[in-house]
Amino acid sequence: MNNDQLILFSAVFASDEALAWLRAVLQGPLAEKYRFAVLCAEAGRGALEDVGVPLFTAQDRGSIRAQLKAIAPAIVQSLSEEDHRAAAYHIFSHPYFVLATHLRTDEAIPRSWMNHLVYNKLTDINLVLDRAIKANIEQQGCLGLRSPVVLTQEQLGEESLVSMLDHAYSSLLTPARLDVNGNIKKDYSDFRLAYITHFYCNQKDISAVTRLLERYAEYPPEIRARVHFVIVDDGSPIEYRVPDLPLNITWLKIDQDIRWNQPGARNLGAVYARADTILLADLDHEVPLESMRRLVELPSCGKRLYKMWRKNEKGEYIKGHPNLFVMSRGRFMECHGYDEELAGHYGSDDYRFVKYQKARGSFQKYLPKRIWCFERQDIDRQKSYHSLVRDLSFNSAADSRKRHELANVGQGYGHSRMFLNFTWTMLADRQLDLPIARPSGRGWKYASLLRQILPRF
């Protein structure tokens, strides 16, 4: 049985008052939204048999732990001290959320290192019925509770207990949600790659963009679920509709028609990227399925500025495009992104971007040849492209000054720090609702010391 959304109430040692409270919860509106089950003593089954949820029995801490191992719930909510200690200790072998429920007005938890471990270190949420109970628990000489959730909130009215329980459960189980106050919450941490591309069309349509995205929309769901497409329209003067495709996609349009604003478009795309690994690519390049799969699995780029091999029509490897990069979004921002002083005229922005990155300590290399791309042949440059003139005359002087500053002044000079020198509009922001199996990495957090002292390569 898949119990990744199951909430198990541990009430083996619960008092009659706690069982009555639990019965009211199980018969309330939350039972229609969540999967509940109860672990109780044999003597307590009579009070809960007609509530319509699965009942499991145990009689001591050992049998509680055995049942927790067999049931493997997502959340364990305890209703007594003995139940809570058994649930908290078992967390070392099974990573579920542990919730303690505090209902007694006379409850006071003595301050000790063991209680601190059980109720603070090993407990995710301390659910407290009202503020009077919370004040009594935290009186002088008693243990102060971390992560408290007071269930009785006057501003939420008579249904505050149900609303706050719902808020706690959904916050743990459903990252994408409306919270108790109607705020929209999202979680993009499953994204492993942000694919940033940009376009400027001043001819007939944007078919050059839509055809590329339509092909990516045919990739398997396990790939599409982990890729965030950021599309930046660099001020195209034509009207169009954003295509409705099964992709995680953010579509932005720069309000001003700034010629050769590729630096600004890429900076804007990086700002909205929701993964640290970013692919910055022109519209005329495409990444095949297996290369996309390997990019999704790529480790952190750190200070590496990757180029990507291309294949020609004969299947031969050729040099990568000079302005196609795979890198860390954090590194991109740390080095100020593209220099928008070079926007408005053609050229030098990609070359200067690489030179400045290298001067700041980034090092450039190629990805393995098994990760490659190709230049598209399906773009009608007379119909769905631009008609701008390529002339380096206007940017050469500024580029020379930056080269001089980098060579003779140093200290981070050679970049104007101009960034997002325009306004923009978000035309679409969509996230797929696809199941994603997250990896197990319980030791990752505890290796933080190594990450602090090792070079960021």
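A few points about this structure:
- Meets criteria (part of a helix (DSSP H, G or I), polar (S, T, N, Q) and over 30 Å from Gln139 (Cα atoms)) for Gln59: no
- Residue match in segment 201-215 (condition: on the phi > 0 side of the Ramachandran plot, among the small types (Gly, Ala, Ser) and either more than 23 Å from the chain's Cα centre (by Cα) or at pLDDT below 95 (or both)): no
- Filter pass, Lys319 being modelled with pLDDT of 95 or more, more than 19 Å from Ala281 (Cβ to Cβ) and of a type in the set (D, E, K, R): no
- Test result for Glu313, part of a helix (DSSP H, G or I) and surrounded by fewer than 16 Cβ atoms within 10 Å (Cβ to Cβ): no
- Scanning segment 182-196 for residues that are among the β-branched types (Val, Ile, Thr) and farther than 19 Å from Ala168 by Cβ returns a single hit, Ile196.
- Scanning segment 194-234 for residues that are among the polar types (S, T, N, Q) and in contact (Cβ under 8 Å) with a residue 60 or more places away in the chain yields Thr197, Asn202, Gln203, Ser207.
- Of the strands (runs of 3 or more DSSP E) lying entirely inside segment 342-457, those carrying at least 2 residues that are closer than 30 Å to Gln5 by Cβ are 424-430.
- Test result for Gln364, of a type in the set (S, T, N, Q), assigned by TED's automatic domain parsing to the domain that holds Ala407 and crowded, with 16+ Cβ neighbours inside 10 Å: no
- Here the condition is being exposed (fewer than 10 other Cβ atoms within 10 Å of the Cβ), of a type outside the set (Val, Ile, Thr), in contact (Cβ under 8 Å) with a residue 60 or more places away in the chain and more than 22 Å from Met333 (Cα to Cα); of Arg430, Arg442, it holds for Arg442 alone.
- Failed condition for Pro148, given (1) buried (at least 18 other Cβ atoms within 10 Å of the Cβ); (2) without any contact (Cβ under 8 Å) to a residue 40 or more places away in the chain: (1)
- The number of residues in segment 154-179 that are surrounded by fewer than 18 Cβ atoms within 10 Å (Cβ to Cβ) and touching a residue at least 24 places away in the same chain (Cβ under 8 Å) comes to 5.
- Every residue from segment 388-420 that is loosely packed, with under 14 Cβ neighbours inside 10 Å and more than 20 Å from Lys358 (Cβ to Cβ): Leu388, Val389, Arg390, Asp391, Leu392, Ser393, Ser396, Ala397, Leu420
- Filter result for Ala88 (in a strand (DSSP E or B) and of a type in the set (A, V, I, L, M, F, W, C)): no
- For segment 34-71, a residue qualifies if it is within 33 Å of the chain's Cα centre (by Cα) and exposed (fewer than 12 other Cβ atoms within 10 Å of the Cβ), and the qualifying residues are Lys69, Ala70.
- Residues of segment 4-27 classified as exposed (fewer than 15 other Cβ atoms within 10 Å of the Cβ) and either part of a loop (DSSP other than H, G, I, E, B) or of a type in the set (Gly, Ala, Ser) (or both), total: 6
- Some residue of segment 49-70 being touching a strand residue (DSSP E or B) at 6+ places or on another chain (Cβ under 9 Å) and in contact (Cβ under 8 Å) with a residue 60 or more places away in the chain: yes
- Residue in segment 419-438 that is under 30 Å from Asp339 (Cα atoms), at pLDDT 95 or above and touching a His at 6+ places or on another chain (Cβ under 9 Å) present: yes
- Put simply, of Thr174, Thr152 the only residue that is among the hydroxyl-bearing types (Ser, Thr, Tyr), assigned by TED's automatic domain parsing to the domain that holds Ala87 and out of contact with any Leu (no Cβ under 9 Å at 6 or more places or on another chain) is Thr174.
- Those residues of segment 257-304 which are among the acidic types (Asp, Glu) and farther than 26 Å from Ile206 by Cβ, in sequence order: Asp276, Glu290, Glu297
- Arg45 fulfils the conditions (1) modelled with pLDDT of 95 or more; (2) closer than 19 Å to Gln67 by Cα; (3) not in a loop (DSSP other than H, G, I, E, B) except for a single criterion, (1).
The values are calculated or read from the model by the stated rules, or taken from the named source; none is laboratory data. Since this is a predicted model, take the numbers as computed values, not measurements. Cβ atoms come from the backbone with ideal geometry, glycine included; neighbour counts cover every protein chain shown.
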